[in-house]
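Scroll down for the structure; my scribbles are underneath it.
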Amino acid sequence: MHEAAIARCLALSRQAREQQGEALASTLASLDAALAEAQAAHLAALPAPDALLELDLAGYLTGWNAGAEQLFGYSAQEALGQHVLFLYADEDEGGDIAELFFQQAQEQGQPQMSGVTEVRRRTKSGDIVWVRLALSLRRDEGGDTIGMLVRLHTVQEPLAEADKLQLHARIIEDSDQGVLITDANERIVSINGAFTRITGYLPEETIGSTPDLLRSGVHDADFRAQVRAAMRGSGPWRGEIIGKRKNGELFPQSVTISAVRDHAGQITHTFSLFSDISVHKDAEARMQRMANYDSLTGLPNQCLLSQLLDQALTEARRTGEHGAVMVVEISRLGAISDTLGHDIGNALLCEIGRQFRQALRDPDVLARIDGNKFAIALLQIEKREHAAIVAQKLLSTLSTPLAVGGHSLQVGASAGIAVYPEDGSDSPSLIHFAEVAAARAAKNLEPSFLFYSEEMNQRAKEHLRMETELRSALALDQLELYYQPKVSLRSGRIVGAEALLRWRHPVRGMVSPGVFIPVAEETGLILDLGNWVLEEACRQVRAWKDANLMMPPIAVNLSARQFDTQLPARITAVLARHDVLPEQIMLEITESLLVGGSDNVIGIMNALVAMGMALALDDFGTGYSSLAYLKKFPISTLKIDRSFVTGLPHEENDCAIARAIVTMAQQLRQEIVAEGVETPEQMAFLRELGCDQLQGYLFSQPVSAAEFESMLKEGRRLSFGSR
Ligand code: C2E
Ligand code: MG
Ligand code: MG
């Protein structure tokens, strides 16, 4: 029963072969090949074509050529004089054809008849052959018909229906592709050997189940709906499906699904032809690797770098972001390979790649683009100048010799940087400009880097000079702490002070922390600076204590970068060293720390509070944290940012914001300090709102420790005056 279905679906699929793509075509190709093979075998057993016979009017053979001899096996001697009927295989065919021809020739004056019929003839050995006849009249010189000439072509014997079914079934069974046939109820009715080989399921485990047997679970509902629709006759479907073998392994398969309909158009069966393409997939993945990665270092190659960079550039055009491309050219590699061999040279390159990768952050793309050139795409940098910091970091990994194969090897390097969108907006230009800059930098004897644009070089230089000078500022004692008093809006007394860092630059004079703190944050120098500030504040507090001065708490600013798990321990050590109580030091932090808001941060804050320190949130309102969000953090003081205070009491918005902050903070029982208060009007407004403290030029600028000391000794107070 299902063999008939197979035969039918193969016949149908032959019609559809144009549309159905490779999988089906290749099964049909194997069908054709098998048929051709069968025919070839059949024909090889037959004599060559083009046998010629001559008959007289009565049907007796008067002529017999070599072709006839070869076809039938009779010699001319044996055949001539015999009636043509002796060659007929079927008795009932009689002399009809010859008679018909004579009749037509006489009635319609047609002297020829060809290709009309295929008939069966019997050879001397008893075999049946199929031949096609071409008949023509033979006339004598006077034009009278004297007989006929018969030309016989052997033709392929059509396969019997049963043979055909058997052949098709055998081809399906022998096909390399898995075949799965289901009935109208989606129950599997037939599979072939390849199905079992690919999936591991035997016919007895399969017949009667649904194709869900092979379901891997990786496809989404949409995809499954497409496949089901194909099985319900929406038309042939071809695609890749991840299947699951009996042993649980997933495998990619290339599948063609078609439905078979009966005469009434009802679907009787569906069939799927599939091949296991896991081998191709593996090869594809290998090819992908070869096309996109450097075979020596395993890093992305220029092709992949360009692709990733192009993606980032497209994105950057939309978002207005910027970034940089850097090329690092390694020198002395040739000399090392020449003296120590290529293996060492190669191992050295791999080691450099490893060092660079370690120094970079995850989103940075590191590629090897040429024999001695690495390229780095910095796709997420806050400022273009930061590329200089990365360049320095990479160059410094090569400043000491690298240990490779028992040798200690020193290479040289130079880096070039192009930034986007300023220098270019496509990957070939950016890589080229970075290479140009690297070549320029290579002219320096020392490892160095250059930006492609002169302006960027200036900015980077300034940045670097600041960094170098800041480092020596620490060593040369150019730093100082100033103190800005905080006064109570109830009593007018000094109730605290904020320690603010000052840099007394030998040439430039007093440098504002607004200028050097960002540089210190970027370079990591802020950690050293922060430690210095803590140390100095504690030293000062201790000195005041020793002088028997009653000091209010001194607030110290902390950078987010200082906020690590070691911070409580570091502070404890400093406090202990100077014998200062935790209550005497307050810490000011900024909102950026809260926005990241990890449990880690809360944990550190809790530890600090547990030590007895108070935390103030600085510049409140400039970040993103909502007041409700603040509840999560153990913060005792809110400092309203100067930008809101400036507009008081005239700017409606600023007034509304200040009012909202104060109201909420009161509910959270937090103290409120207004920063940057410069006028009596601002003060009056804030005081009326219920603000607790004020810090600003109205009372005092930040002053030296000595000045602050005398201010306290004087008992200086804020005068509320009249409005
Ligand atoms: P901040 O912590 O918000 O400090 C307040 C800033 O506002 C100080 O600027 C102060 O001089 C200024 N200021 C105070 N009252 C007024 C006023 O009435 N009018 C105006 N126009 N300004 C006023 P400064 O000292 O230049 O510090 C700037 C920022 O630098 C500080 O802002 C703080 O974020 C940072 N900073 C200062 N010292 C340190 C430090 O030791 N460590 C860290 N991490 N950052 C610091
Ligand atoms: Mg502050
Ligand atoms: Mg502030």
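The values are calculated or read from the model by the stated rules, or taken from the named source; none is laboratory data. Since the structure is predicted, the reported quantities are computational estimates derived from the model, not experimental observations. Don't worry about glycine lacking a Cβ; one is built from the backbone with ideal geometry, like all the others, and counts go over all protein chains shown.
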**OP:** For the stretch 154-170, indicate whether the set of residues that are more than 58 Å from the chain's Cα centre (by Cα) and not in a loop (DSSP other than H, G, I, E, B) is non-empty.
**Re:** yes
Original post:
Only one of (1) over 26 Å from residue 612 (Cβ atoms); (2) assigned by TED's automatic domain parsing to the domain that holds residue 537 fails for residue 719. Which number is that?
Top reply: (2)
Original post:
What residue, of 497, 543, is hydrophobic (A, V, I, L, M, F, W, C), within 16 Å of ligand 2 (Cβ to nearest atom) and over 48 Å from the mean Cα position of the chain (by Cα)?
Top reply: 497
Original post:
Tally time: how many residues in the stretch 226-283 are over 26 Å from the mean Cα position of the chain (by Cα) and not polar (S, T, N, Q)?
Top reply: 26
**OP:** State whether the residues of the stretch 677-687 include one that is over 46 Å from the mean Cα position of the chain (by Cα) and either at pLDDT below 90 or within 16 Å of ligand 2 (Cβ to nearest atom) (or both).
**Re:** yes
**OP:** Return only the number of the condition from (1) of a type in the set (Val, Ile, Thr); (2) at pLDDT below 95; (3) surrounded by 16 or more Cβ atoms within 10 Å (Cβ to Cβ) that residue 663 does not satisfy.
**Re:** (3)
Subject >> Subset of the stretch 299-357 (residues that are crowded, with 20+ Cβ neighbours inside 10 Å, over 30 Å from residue 405 (Cα atoms) and of a type in the set (A, V, I, L, M)) >> reply: 309, 312, 313, 324, 325
Original post:
Could you say whether any residue in the stretch 191-205 is of a type in the set (Asp, Glu), modelled with pLDDT of 85 or more and not in a loop (DSSP other than H, G, I, E, B)?
Top reply: yes
Original post:
Does residue 706 meet the test of being away from ligand 1 (no atom under 16 Å from the Cβ) and in a helix (DSSP H, G or I)?
Top reply: yes
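For (1) within 16 Å of ligand 2 (Cβ to nearest atom); (2) in contact (Cβ under 8 Å) with a residue 24 or more places away in the chain; (3) over 30 Å from residue 712 (Cα atoms), each residue gets a yes or a no:
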{"residue": "431", "(1), (2), (3)": "no, yes, yes"}
{"residue": "436", "(1), (2), (3)": "no, no, yes"}
{"residue": "450", "(1), (2), (3)": "no, yes, yes"}
{"residue": "455", "(1), (2), (3)": "no, no, yes"}
{"residue": "478", "(1), (2), (3)": "no, yes, no"}
{"residue": "482", "(1), (2), (3)": "yes, yes, no"}
{"residue": "504", "(1), (2), (3)": "no, yes, no"}
{"residue": "508", "(1), (2), (3)": "no, no, yes"}
{"residue": "513", "(1), (2), (3)": "yes, no, no"}
Original post:
Is at least one residue of the stretch 149-164 of a type in the set (D, E, K, R), within 25 Å of residue 262 (Cβ to Cβ) and exposed (fewer than 14 other Cβ atoms within 10 Å of the Cβ)?
Top reply: yes
**OP:** Look through 119, 155, 179 and report the one residue that is in contact with a strand residue (DSSP E or B) (Cβ under 9 Å, 6 or more places away or on another chain) and in contact (Cβ under 8 Å) with a residue 60 or more places away in the chain.
**Re:** 179
Original post:
Do we find a residue being touching a helix residue (DSSP H, G or I) at 6+ places or on another chain (Cβ under 9 Å), under 17 Å from residue 183 (Cβ atoms), in contact (Cβ under 8 Å) with a residue 24 or more places away in the chain and surrounded by fewer than 16 Cβ atoms within 10 Å (Cβ to Cβ) anywhere in the stretch 218-234?
Top reply: no
**OP:** Could you please find all residues in the stretch 378-396 being assigned to a helix (DSSP H, G or I) and either outside the structural domain of residue 355 (by TED's automatic domain parsing) or in contact with a strand residue (DSSP E or B) (Cβ under 9 Å, 6 or more places away or on another chain) (or both)?
**Re:** 386, 387, 388, 390, 391, 392, 394, 395
Original post:
How many residues are in a strand (DSSP E or B), farther than 19 Å from residue 207 by Cα and polar (S, T, N, Q) when one looks only at the stretch 259-278?
Top reply: 1
Original post:
within 15 Å of ligand 3 (Cβ to nearest atom) and in contact with a Ser or Thr (Cβ under 6 Å, 6 or more places away or on another chain) - does that describe any residue in the stretch 644-665?
Top reply: no
Original post:
Within the set of pairs 6+ apart or on separate chains, which have a first residue in the stretch 365-377 that is assigned by TED's automatic domain parsing to the domain that holds residue 330 and within 8 Å of residue 300 (Cα to Cα), a second that is of a type in the set (Lys, Arg) and surrounded by fewer than 24 Cβ atoms within 10 Å (Cβ to Cβ), and C-beta atoms under 8 Å apart?
Top reply: 366/357
**OP:** Find the residue count for the stretch 549-588, including only residues that are in contact (Cβ under 8 Å) with a residue 40 or more places away in the chain, within 27 Å of residue 519 (Cα to Cα) and within 16 Å of ligand 1 (Cβ to nearest atom).
**Re:** 14
**OP:** Please specify each residue of the stretch 634-643 satisfying the condition of being surrounded by fewer than 20 Cβ atoms within 10 Å (Cβ to Cβ) and more than 13 Å from ligand 3 (Cβ to nearest atom).
**Re:** 634, 636
